[in-house]
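Inspection log for the structure reproduced underneath, given as structure tokens.
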Amino acid sequence: MIIEAEIISQPYSGEYSERIYDNESQWNSQSWTFIRFINDDYSEWCGQFRGFPRQVAVSKVRYIILILTSDYLYQLDRRTGNITDLEDQPQYQNLTVTPNGDFILSDYYDIEKVTESIKDKEPIKSPIQLDMIKFKIWDNYKLEFTCDEFSNWDRHLTMTYDSQTNKIEIKSV
């Protein structure tokens, strides 16, 4: 079972056992993302995913790994490393996992929660319209992120998402 995953640069040939995750599409870019996986026996291997690297997150509670590239959002099973779902041409810019094992995704304007499958996303309501969302850090159950208020780009905000209450609040202006 996979316990850790991180984005790495292209490994040397033979450095890891490798597995290629590709999807035939005329819209594929020429870029690739390399992810180093660590199994529970501490063996290491590398996955090669189509698209420029963005982020990777592992949910130990849900037995799911999400890998976000410029071309795809991949969902893998932690137990096997097999793809269980795939979304092409994702607009997402941020990906993280909550302390309770849910995933949080955002594009520039909206934030969504994934629990069991990337096919079943739940939008998270915000007190203002968001623009240019950037995830920062987790403080216990709260994710801090920055953004601008949509159509009021001079208003730069620090916000928090509380994963226990599923609410977004303005922290500071």
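Read-outs: derived from the displayed coordinates by stated rules, not from any lab. Keep in mind the model is a prediction, meaning the values are calculated, not measured. In this analysis, Cβ positions are derived from the backbone assuming ideal geometry, glycine residues included, and neighbour counts consider all displayed protein chains.
What is segment 101-142 by shape, rounded, prolate or oblate, if you read a ≥ b ≥ c off the alpha carbon gyration tensor as root eigenvalues and call it rounded for a/c under 1.5, prolate for a/b larger than b/c, and oblate otherwise? Oblate, because a/c is 1.5 or more while a/b does not exceed b/c.
With both labels modelled 7 Å from their Cα along Cα-to-Cβ, the PHE52 to PHE150 distance reads 2.4 nm.
Whats the longest run of the chain with zero GluC sites (Glu not before Pro) that are DSSP loop and have at most 15 other Cβ atoms within 10 Å?
Values: sites that count: GLU15, GLU24, GLU116.
In the chain, the maximal stretch lacking such sites is 25-115.
When a/c is below 1.5 the answer is rounded, else prolate if a/b is larger than b/c, else oblate, so apply that to segment 1-90 with a ≥ b ≥ c taken from the square roots of the Cα gyration tensor eigenvalues. Cα axes put segment 1-90 in the oblate bin. For ARG79 and GLU112, the FRET efficiency from 1/(1 + (r/R0)^6), where r spans their Cβ atoms and R0 equals 22 Å, is about 0.30. Applying 0.36 nm per residue to the separation of GLN10 and LEU157 and subtracting their alpha-carbon distance, the gain on full extension is 49.3 nm.
In whole percent, what relative contact order does the chain give with Cα contacts below 8 Å and a gap of six or more residues? Before the final figure, lay out the partial values.
On the way: 411 pairs, mean separation 21.5, N = 173.
Averaging sequence separation for qualifying contacts and normalising by length gives 12 percent for the chain.
Subtracting the Cα-Cα distance of SER70 and MET1 from their residue separation scaled by 0.36 nm leaves 22.2 nm.
Lys-Lys pairs in the chain that are eight or more residues apart or on separate chains and whose Cα atoms lie under 22 Å of each other come to 29.
So I have (i) 16.9; (ii) 23.1; (iii) 16.0, and one of them is Kirkwood radius over Cα pairs in Å calculated from this model. Which one is it? Label (i) holds the value from this structure.
As a proxy for reagent exposure, SER25, SER59, SER151, SER70 were ordered by neighbouring Cβ count within 10 angstrom, fewest first; the result is SER151, SER25, SER70, SER59.
Once you charge only the Cβ atoms, +1 for Lys and Arg and -1 for Asp and Glu, what is the size of the charge dipole of the chain about its Cα centre, to the nearest 20 debye? Write out the running numbers ahead of the final one.
Numbers: 18 positive and 29 negative charges, 63 e Å.
Value, rounded to 20: 300 debye.
Sparse packing (at most 11 other Cβ atoms within 10 Å of the Cβ) combined with a DSSP loop state is found for the following trypsin sites (Lys or Arg not before Pro) in segment 78-139: ARG79, LYS119, LYS125.
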